[in-house]
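Step one of this worksheet: look at the structure below.
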Amino acid sequence: MKALDYLLGPRPQMTLVVEESRVVEIWVDGRAPLIALQDYDWGETDSDAMRDAEGFPFTPINWKGPAWTLGLSLYPPEQEDNPMAQPALKTIPIEQLHISKLNMRHGRKAPDVSDILPSIREKGIRQTLLVRPEGDGYGVVAGRRRFHALQVIAAETCKPVLVPCTIMEADDDAAAVEASLIENVARLPATEMEQYNAFGKLAHAGRTVDEIAGHFGVTDLKVRRILALANLSSPIRSLYAKDEIDAETIRALTLATKAQQADWLALFRSETERAPMGRACKAWITGGSTITTDKALFDLATYDGRITTDLFGETGVFADADTFWKAQSAALAARIETYTDAGWREVQVLERGKYFASWDHVKRSRSRGGSVIVEVRHDGTVTFHEGYITQAEARKRDQRSRPGDTREAVDVKPEVSGPLAQYIGLHRHGAARATLLGHPGIALRLMVAHAIVGSALWTVRRHECRAGKDDIKASVTGSRASAEMTAAGDHVRSLFEAHGVSTLRANGDAYHLCQVFAALLGMDDTETMAVLSFVMADTLEACGPAVEAVAVATDTDMAAYWKPEPLFLDLVRDKRAINAIVAGIASPATAKAALTETGKAQKDLIWNRITGEGCEANPDWRPGWMQVPPSRLVTDAGSPPADAWARIASLFTSDATERSSEDVPVSGQDAA
């Protein structure tokens, strides 16, 4: 071996990452390798097979899928629970095949197969169809396009066509859905509703969120968001599938109760009223301070607060929200005590406004360790979800109950009850935040950590450069300001990496929040302020009063970050504004002389003045739109930056009036 090492170099170090008895990752010398497979089918299905050094035929395959799909397992084939570990191969007449209902593109019109027809006519199919017994024939789970191509060939030749197929077990719906999704997602991304239908079938078949995410190479959060569509009523899901509701609205509606969904749907279908959409929809669902009497857990006859009613007196409204919540909390505590006395293992009360993630839990009876999870909405609604346990805890209990497992299946009861845990948690919370009042430096670092990561009470989003035209986006992303933001972001990431935080994620995870907070505590004030400045700049909303306020407060040198470019002039359409620019860069007399010229001719004049074509160059010229503070070029005309500044000018200057029309180089009222 030493001689071989001398000739060939040191042997590579391969690492197999094993999770739950399956190889999920492969590493060679610390890197994920390019996997090349040699499929030795002895030339039976590949007439153009390559040959190895000993002359045996094989088909080369460059593997691009996850490691687990290679079939690597720590179990021998006879112990594999995967129904495809030892698939049955069979040649089936095409008349006995049909598209399975579990194929995610079942029901769609026949696909265009013109690209694969010539190859299949000449050589046949090189990959078997994946089918399962259904009725009197077989349903095609994966290979829909190949199936339709073979149908075309059968119609052309009027001859029987025998199709090589791999046969799955008939009773494993989950594996069939997985196979269809794996094939189709790799070629064409499915819609969210298609993914919901497929993921939902897998969830009902017993697959966990982690398993679904691992199989299809998506994040747990992606799967949870898709499964959250289960909270929607069928009519709303149908509207979303038809693209009549946007994604932001549908996210908000997943938070709504069934009654709220019905109310929203009535507004959507109304001819006289308008249903809230997007952010307004979320505010409509979670915001309202109006709490109606039907939400009360207590007897209204014992309520000391004031209740108001509408003209019809059908539903009362609590006039004071604080008084209501005191009575509601007392009634909730009594209900919790009733559950505890009845023998429930745990009663967990979610924070007000936090929603019960039903897709992350499984039903378990009280005798099998099920808990009661209490969901409290901002509108006063309290929902008791009886008999639930998290999927992770369910897996642990199931493992302990398997035959041959020597671990004792003991249900460890927590040392504190739900109410006691709430009592302790709230008192600790009160003490911590009261102490925080005297530590502004720590509070600042904690605030920055919240702005970076988020939490149940913090939702902060980064600014994303979105523009209707690609050339606008290219201009902005290629600017000096964008380059400085990128450099600042790299510096901030290096600061956190120096403190052991390799990635920053705005996922609201409590552990990651504390991880970022701990890193900030290790930074000095200069470093912390650098992080703070970047985070604030990175989350500053575009195109509004806040931008103008920052520009004035920081005395931003707009000329240092922007200079006139052809794209800018190309985007200017209003001839009044064009003429006003001519007056600003040349003279009012020139503007009046050019008043009857075309917009293009005036733009050429402006560009010549900037570049010095036939005159002295004026590269430092900036229009009123790009000055600090901004000003409009045409009197009383709409101008977003000038309008935004006019709204807040009195907060930052002693003279808050806008420039008068006399200050505008050319008013443009007479411009064509």
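Can you tell which of Leu457, Leu420, Leu426 is modelled with pLDDT of 80 or more, part of a loop (DSSP other than H, G, I, E, B) and exposed (fewer than 13 other Cβ atoms within 10 Å of the Cβ)?
Step by step, each of Leu457, Leu420, Leu426 is checked, and only Leu457 is modelled with pLDDT of 80 or more, part of a loop (DSSP other than H, G, I, E, B) and exposed (fewer than 13 other Cβ atoms within 10 Å of the Cβ).
Okay, residues lined up against (1) outside any loop (DSSP other than H, G, I, E, B); (2) under 17 Å from Leu446 (Cβ atoms):
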{"site": "Glu484", "(1), (2)": "yes, no"}
{"site": "Asp490", "(1), (2)": "yes, no"}
{"site": "Arg493", "(1), (2)": "yes, no"}
{"site": "Phe496", "(1), (2)": "yes, yes"}
{"site": "Leu504", "(1), (2)": "no, yes"}
{"site": "His512", "(1), (2)": "yes, yes"}
{"site": "Leu520", "(1), (2)": "yes, yes"}
{"site": "Met523", "(1), (2)": "no, yes"}
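Only one of (1) out of contact with any Gly (no Cβ under 6 Å at 6 or more places or on another chain); (2) assigned by TED's automatic domain parsing to the domain that holds Phe534 is not met by Arg433, so which one is it?
(2)
Need the failing condition index for Leu540 against (1) among the hydrophobic types (A, V, I, L, M, F, W, C); (2) in contact (Cβ under 8 Å) with a residue 12 or more places away in the chain; (3) part of a helix (DSSP H, G or I), just the number.
If we test Leu540 against (1) among the hydrophobic types (A, V, I, L, M, F, W, C); (2) in contact (Cβ under 8 Å) with a residue 12 or more places away in the chain; (3) part of a helix (DSSP H, G or I), just (3) comes out false.
What pairs can you find where one residue is in segment 112-129 and farther than 16 Å from Gln151 by Cβ, the other is part of a helix (DSSP H, G or I), and their Cβ atoms are less than 8 Å apart, with a gap of 6+ or different chains?
Every condition considered, the pairs that remain are Gln127/Arg146.
Quick check: anything in segment 310-320 assigned to a loop (DSSP other than H, G, I, E, B), at pLDDT 80 or above, surrounded by 14 or more Cβ atoms within 10 Å (Cβ to Cβ) and over 35 Å from the mean Cα position of the chain (by Cα)?
No; the residues of segment 310-320 include none that is assigned to a loop (DSSP other than H, G, I, E, B), at pLDDT 80 or above, surrounded by 14 or more Cβ atoms within 10 Å (Cβ to Cβ) and over 35 Å from the mean Cα position of the chain (by Cα).
Hand me the list of helices (runs of 4 or more DSSP H) wholly inside segment 546-608 holding 2 or more residues that are over 22 Å from Pro629 (Cβ atoms) and within 44 Å of the chain's Cα centre (by Cα).
Correct list: 566-571, 575-585.
For the list (1) touching a Leu at 6+ places or on another chain (Cβ under 7 Å); (2) at pLDDT below 65, I need the number of the one condition that Val161 fails.
Looking at each condition in turn, Val161 falls short on (2).
Does Gly288 satisfy the criteria of being outside any helix (DSSP H, G or I), modelled with pLDDT under 80 and under 37 Å from the mean Cα position of the chain (by Cα)?
It is true that Gly288 is outside any helix (DSSP H, G or I), modelled with pLDDT under 80 and under 37 Å from the mean Cα position of the chain (by Cα).
Which of (1) in contact with an Asp or Glu (Cβ under 9 Å, 6 or more places away or on another chain); (2) at pLDDT 85 or above; (3) within 24 Å of Tyr355 (Cβ to Cβ) is the odd one out, the single condition Asp471 does not satisfy?
With respect to (1) in contact with an Asp or Glu (Cβ under 9 Å, 6 or more places away or on another chain); (2) at pLDDT 85 or above; (3) within 24 Å of Tyr355 (Cβ to Cβ), Asp471 is out only on (3).
Could you tell me which residue of segment 359-381 is surrounded by the most Cβ atoms within 10 Å (Cβ to Cβ), considering only residues that are in a helix (DSSP H, G or I) and in contact with a helix residue (DSSP H, G or I) (Cβ under 7 Å, 6 or more places away or on another chain)?
Among those residues, the one meeting the criterion is Trp359.
State all residues of segment 336-351 that are surrounded by 15 or more Cβ atoms within 10 Å (Cβ to Cβ) and not in a strand (DSSP E or B); if no residue qualifies, say none.
Ile336, Tyr339, Thr340, Trp344, Arg345, Glu346, Leu350
Of Ile153, Ile182, which residue is assigned to a helix (DSSP H, G or I), in contact with a His (Cβ under 8 Å, 6 or more places away or on another chain) and either within 22 Å of Ile212 (Cβ to Cβ) or modelled with pLDDT of 80 or more (or both)?
Criteria check complete, one pass: Ile182.
Assigned to a helix (DSSP H, G or I), acidic (Asp, Glu) and at pLDDT below 90: does that describe Asp304?
On the way: assigned to a helix (DSSP H, G or I): no; acidic (Asp, Glu): yes; at pLDDT below 90: yes.
Criteria not met by Asp304.
Among the numbered conditions (1) modelled with pLDDT of 75 or more; (2) within 28 Å of Ser365 (Cβ to Cβ), tell me where Thr435 comes up short.
(2)
For segment 465-482, enumerate the residues that are of a type in the set (D, E, K, R) and within 19 Å of Pro564 (Cβ to Cβ).
Residues satisfying the conditions are Lys469, Asp471, Lys473, Arg480.
Kindly list the number of the only condition in (1) within 16 Å of the chain's Cα centre (by Cα); (2) modelled with pLDDT of 70 or more; (3) surrounded by fewer than 20 Cβ atoms within 10 Å (Cβ to Cβ) that fails for Ile226.
(3)
The values are calculated or read from the model by the stated rules, or taken from the named source; none is laboratory data. Every value quoted in this text rests on a predicted model; they were computed, and no experiment measured them. Neighbour counts are summed over all protein chains in view; Cβ atoms, including those assigned to glycine, are modelled from backbone coordinates with ideal geometry.
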